[in-house]
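Just below is one structure, and these are the notes that go with it.
The values are calculated or read from the model by the stated rules, or taken from the named source; none is laboratory data. Only a predicted model underlies this, so the values are computations on that prediction, with no experimental measurement involved. Here the Cβ positions follow ideal geometry from the backbone for every residue, glycine too, while neighbour counts run over all protein chains shown.
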Amino acid sequence: MSNKHKLLAKNRRVMKSVEIDGVKVNIIKPTMGDRLRLIEQARAAGEMTEQNEPTGDRAGARMLARIAVCVMNDAETGRPMFAVNDLDELLDESWLEDFATDLTDVFNVTEGQMRGK
């Protein structure tokens, strides 16, 4: 394997490990590409302005769910815990708000920014 392929195959850096209702989860550092895709998806859904601000409370909550999809990996397998089609289900999970700071910290945004404040 070439050095190029070694770097491209590198696993994401685990920033924090947490346990949610008995399930071990790794919160990983997103790449620049991850961040850009998330912003593009939110804009396409009408949930984010050109100034990268949520268009409302629901949009801010969905952005937090998008971040969870992006940065939460199964600690045992290293695979993503959720997919984009899980966004609405994630909004109904009480732990999402409990871990909001952990999720937004690795994404370099504050909870206030997520809420448009």
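Screening ALA44 with (1) free of Cβ contacts under 8 Å to residues at least 12 places away in the same chain; (2) in contact with a Leu (Cβ under 9 Å, 6 or more places away or on another chain) gives one miss only, at (2). In the set (1) β-branched (Val, Ile, Thr); (2) surrounded by 16 or more Cβ atoms within 10 Å (Cβ to Cβ); (3) modelled with pLDDT under 95; (4) touching an Asp or Glu at 6+ places or on another chain (Cβ under 8 Å), the condition left unmet by VAL106 is number (4).
GLY46 meets each of the listed conditions (1) closer than 18 Å to PHE107 by Cα; (2) at pLDDT 95 or above; (3) of a type outside the set (A, V, I, L, M); (4) in a loop (DSSP other than H, G, I, E, B) apart from (1). Reported count of residues in segment 81-93, each being assigned to a helix (DSSP H, G or I), surrounded by 13 or more Cβ atoms within 10 Å (Cβ to Cβ) and of a type in the set (D, E, K, R), is 1.
Every residue, every condition in (1) under 21 Å from ASN11 (Cβ atoms); (2) outside any strand (DSSP E or B); (3) not hydrophobic (A, V, I, L, M, F, W, C), yes or no:
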{"site": "GLY33", "(1), (2), (3)": "yes, yes, yes"}
{"site": "ARG62", "(1), (2), (3)": "no, yes, yes"}
{"site": "ILE67", "(1), (2), (3)": "yes, yes, no"}
{"site": "CYS70", "(1), (2), (3)": "yes, yes, no"}
{"site": "GLY78", "(1), (2), (3)": "yes, yes, yes"}
{"site": "TRP95", "(1), (2), (3)": "no, yes, no"}
{"site": "LEU103", "(1), (2), (3)": "yes, yes, no"}
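Give me a count of the residues in segment 67-86 that are under 11 Å from the mean Cα position of the chain (by Cα) and free of Cβ contacts under 8 Å to residues at least 60 places away in the same chain.
Residues of segment 67-86 that are under 11 Å from the mean Cα position of the chain (by Cα), as a first pass: 67-73, 80-84.
Next, from what is left, pick out any that are free of Cβ contacts under 8 Å to residues at least 60 places away in the same chain: 67-72, 80-84.
Going through segment 67-86 one residue at a time, the tally reaches 11.
For segment 2-32, the candidate set comprises residues that are under 16 Å from ILE67 (Cα atoms) and modelled with pLDDT under 90; within that set, the residue that is nearest to the chain's Cα centre (by Cα) is THR31.
Total residues in segment 49-86 satisfying the condition of being of a type in the set (A, V, I, L, M, F, W, C) and either at positive phi or in contact with a Leu (Cβ under 9 Å, 6 or more places away or on another chain) (or both): the figure is 11. Cβ-Cβ distances below 9 Å connect the following pairs, each with a first residue in segment 49-66 that is hydroxyl-bearing (Ser, Thr, Tyr), a second residue that is crowded, with 22+ Cβ neighbours inside 10 Å, and a separation of six or more residues or different chains: THR55/MET48.
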